[in-house]
Amino acid sequence: MRPERIEQLIHFYRDMLRIRYFEEKILNHMLPNRLFRGSSHLCIGQEAVSVGAVHAMEEEDYLFTTHRNHGHTLARGMDLEGAFAEIMGRTTGVCRGRGGSMHLADASLGILGANPVVGSNIPMATGAALALKMQGRKGIVVCFFGEGAMNTGACHEAFNMAALWDLPVVFVCENNKYAISVAEDISMSDHELQDRAVGYGMESYRLDGMNVLEVYDFCSATFGRTRRTSRPALLVFDTYRFVGHHTSDSERYRPKDEAIEVFREKDPIHFVEREFLEDCHVDPEQAVDIRIDIKQEVESAFERALEAPWPDPATLTQGLWAESEVTCGD
Amino acid sequence: MTDRGREVVFAQAIRTALREEMQRDESVILWGQDIGVYGGVYGATTGLQREFGEDRVRDAPISEMAIAGVAVGAALLGMRPVVEIMYADFLMHAADAIANQAAKWRFMSGGQFKVPAVFRSPAGGGSGYAAQHSQNIESWFCHIPGLKVVCPCMPRDARGLLKSAIRDDNPVVFLEHKSHYTYRGPMPKEEELLPLGKADVKREGTDVTLVSWSRNLLWALEAADKLREEGVSIEVIDPMTLFPLDLDTILESLAKTGRLVVSHEAHAFCGVGAEIIAQVVEGHMDLLKAAPKRVSAVACPLPYSEPLEKAALPDADDIAAAVRQVVR
Ligand SMILES: Cc1ncc(C[n+]2csc(CCOP(=O)(O)OP(=O)(O)O)c2C)c(N)n1
């Protein structure tokens, strides 16, 4: 492997670990200690898609994500402490404690929001792409969603409009095999999800979502093409979530060992570690140092977030309305 | 007097109603997201697919528009679908089928058709699910002529009302509270049907009439207990069905008390409390000794953070404070 490529892989490795450790903190520490409310949707197993795709984006691009958003938001550079604080409901959270785990957003990073209403981000991303085009700006919009979202009407209506109006949006479907408990067999009349774009005259591909380099390369090429041509595209990545749908999932819909087996075979982080050894000749000690370093980074962000103040109830309705003064007449 | 029966959780009361009606009538069929093997995200359908098979209990794709629309079509041909929309917030996706189609099909056809479908959905806040998974939108559906709207609180009532909703030949929106599925209460062993459109006096009293429903009723009862210690006697009424509304039971109570407080978890503006007070004031001002009061949420999307969500939602103290004002 070329040295720049190795550098890149190390960079991806760091980002994937950061997401993994962040979510392991939620699962193993915040959950038993009741440090968040409701439930949190983890992407453990899906980090290669987040990191590969988000790194293929340019600074001027925008992204929309879902309830399962930690991978996309952290890969885009969301502040770890701000993300932790948001999930804890603190006032220093990225959304000032208003949103929580399902709603991470950061305008300064082009993260237009996480939308847990399944499918509803797809037309919104399409609209953002329309704005970019009409404003003559050069960015594109990347819209992440799960395979379950492809059964919504919103998805199909938006696909048609994006293709009809030639909008610079790339739809990235992460097929993690389950929509909560519902596997494709039960919910999809046809499993060739990428083919659904064909009916709308939209380019589409299906790829392995466990190999971060492949994800990155393919996304770079696709995003570049959309950037040049203002034509939308659909990418379907096959991946898998190793943990429950959310932090209170019984997982009674899949065989007990299924996740363990897939993990053993396909964990995207182990994949990078194997690449290190086999193709990159990275010193195993270096990988250990990276892990220690990232773990430390996550821990200290967590500790700082834990110290953060709670929102003042008196501020409840702050931020509901935009300050707006409309001048009528003279 | 009926047997008080055993204590069950709210989810089990729903399950019992579904099960009994499915045993009784083959045309009762269910679909919704994750209601099969998973038993529904709140466990309301646990075991039903095993018992009744995949034909009658179907896992549906994430397609609320079609979940509800397919129910309307099946109902036209004599099935009795009971669909689950995972969160009431997503009734907004299903709203065309419910409000434009189910509610109007009979009327528009000059009474040729009927639409015996039930749309079940968990509503409400208090669990930190934030703005898009916590809304109380019962008043939206009450505003659509052609729909019945039910918001039970007690497990026994939920079972009896759901059974009636399933047998009713009109579309019914049946709202359950998502923080309430593990709430325990007595439920008789024998079958019991409760009429839609009939309120229940949950506690008798003489000084103030307090109307509340769904989970918020618990805070009303708590406030009533508190105020009894202060020497204020409160009559607590659960309308249970919001449309059609049983105004008579409220008026009978007001004839004794002359004072009215309505409390609900939804916020006040255009809420059902406004309608109840309007109906009382419009036609029965003579019964009132004091201006009625509403106790409800702050008009704000529900925030995630605990101290903020607490500040947004009404509680027993808020209700007690309002009652003290009307008896002053
Ligand atoms: C419109 C809507 N319907 C139902 C839900 C409940 N729900 C939350 S996540 C989910 C499954 C989503 O599956 P998928 O789109 O594949 O994404 P994943 O969770 O697997 O990442 C469902 C049904 C929802 N949030 N929004």
### Task
Tell me the helices (runs of 4 or more DSSP H) entirely within segment B:225-328 that contain at least 2 residues that are farther than 20 Å from B:Val150 by Cα and within 14 Å of chain A (Cβ to nearest Cβ).
B:306-312, B:316-327
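Looking at B:Ala97, B:Ala131, which one is part of a helix (DSSP H, G or I) and at pLDDT 95 or above?
On the way: B:Ala131 fails: part of a helix (DSSP H, G or I).
Just one listed residue meets the conditions, B:Ala97.
Take the residues in segment A:173-193 that are within 15 Å of the ligand (Cβ to nearest atom) and open to solvent by 30 Å² or more (accessible area, probe 1.4 Å), then tell me which one is farthest from the other protein chains (Cβ to nearest Cβ). Before you say what the answer is, go through the steps one by one.
We begin by selecting, within segment A:173-193, every residue within 15 Å of the ligand (Cβ to nearest atom); these are A:173-188, A:191, A:193.
Next, only the ones that are open to solvent by 30 Å² or more (accessible area, probe 1.4 Å) stay: A:177, A:185-186, A:191.
On the way: A:Lys177: 15, A:Asp185: 10, A:Ile186: 5, A:His191: 13 Å.
The residue in question is A:Lys177.
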### Query
Which condition does B:Gly32 not pass, out of (1) within 16 Å of the ligand (Cβ to nearest atom); (2) over 21 Å from the mean Cα position of the chain (by Cα), if it passes all the others?
(2)
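Just to verify a result, which residue in segment A:95-128, among those that are more than 16 Å from the ligand (Cβ to nearest atom) and touching a His at 6+ places or on another chain (Cβ under 9 Å), is farthest from the other protein chains (Cβ to nearest Cβ)? Write out each step before concluding.
Going residue by residue through segment A:95-128, those that are more than 16 Å from the ligand (Cβ to nearest atom) are A:95-98, A:105-112, A:126-128.
Then drop every residue that is not touching a His at 6+ places or on another chain (Cβ under 9 Å), which leaves A:95, A:111.
Working: A:Cys95: 8, A:Ile111: 17 Å.
The selected residue is A:Ile111.
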### Query
All but one of (1) assigned to a loop (DSSP other than H, G, I, E, B); (2) away from every other protein chain (no Cβ under 14 Å); (3) of a type in the set (A, V, I, L, M, F, W, C) hold for A:Ala48; which doesn't?
(1)
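Taking segment A:263-292 on its own, how many of its residues are outside any helix (DSSP H, G or I) and exposed (fewer than 13 other Cβ atoms within 10 Å of the Cβ)? I'd like the intermediate steps shown before the answer.
If we filter segment A:263-292 for residues that are outside any helix (DSSP H, G or I), which is where we start, we get A:267, A:281-283.
Checking which are exposed (fewer than 13 other Cβ atoms within 10 Å of the Cβ) leaves us with A:281, A:283.
Going through segment A:263-292 one residue at a time, the tally reaches 2.
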### Message
Yes or no: segment B:72-89 includes at least one residue that is in a helix (DSSP H, G or I), open to solvent by 40 Å² or more (accessible area, probe 1.4 Å), within 13 Å of chain A (Cβ to nearest Cβ) and within 16 Å of the ligand (Cβ to nearest atom).
### Response
no
### Query
What tally of residues in segment B:1-56 results from selecting those that are open to solvent by 60 Å² or more (accessible area, probe 1.4 Å), in contact with a strand residue (DSSP E or B) (Cβ under 7 Å, 6 or more places away or on another chain) and farther than 16 Å from B:Thr182 by Cβ?
1
### Summary
Of the residues in segment A:211-247 that are out of contact with any Phe, Trp or Tyr (no Cβ under 6 Å at 6 or more places or on another chain) and aliphatic (A, V, I, L, M), the one that is farthest from the ligand (Cβ to nearest atom) is A:Ala221
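Can you tell me which of B:Ala13, B:Ala17 is over 17 Å from B:Arg80 (Cβ atoms) and either within 16 Å of the ligand (Cβ to nearest atom) or of a type in the set (A, V, I, L, M, F, W, C) (or both)? Spell out the reasoning first.
Details: B:Ala17 fails: over 17 Å from B:Arg80 (Cβ atoms).
From the options B:Ala13, B:Ala17, the qualifying one is B:Ala13.
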#### Entry: Options A:Glu81, A:Glu23: the member that is open to solvent by less than 20 Å² (accessible area, probe 1.4 Å) and either more than 16 Å from the ligand (Cβ to nearest atom) or within 16 Å of A:Glu297 (Cβ to Cβ) (or both)
A:Glu23
### Query
Does any residue of segment A:239-260 turn out to be away from chain B (no Cβ under 14 Å), in contact with a Ser or Thr (Cβ under 9 Å, 6 or more places away or on another chain) and open to solvent by less than 70 Å² (accessible area, probe 1.4 Å)?
no
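The values are calculated or read from the model by the stated rules, or taken from the named source; none is laboratory data. Worth saying up front: this structure is predicted, and the values here are computed from it rather than measured. Glycine also receives a Cβ, built like all others from the backbone with ideal geometry; neighbour counts cover every protein chain displayed. Only protein heavy atoms, including side chains, enter the accessible area calculation; ligands, DNA and RNA are left aside. Shrake-Rupley method; radii C 1.70, N 1.55, O 1.52, S 1.80 Å.
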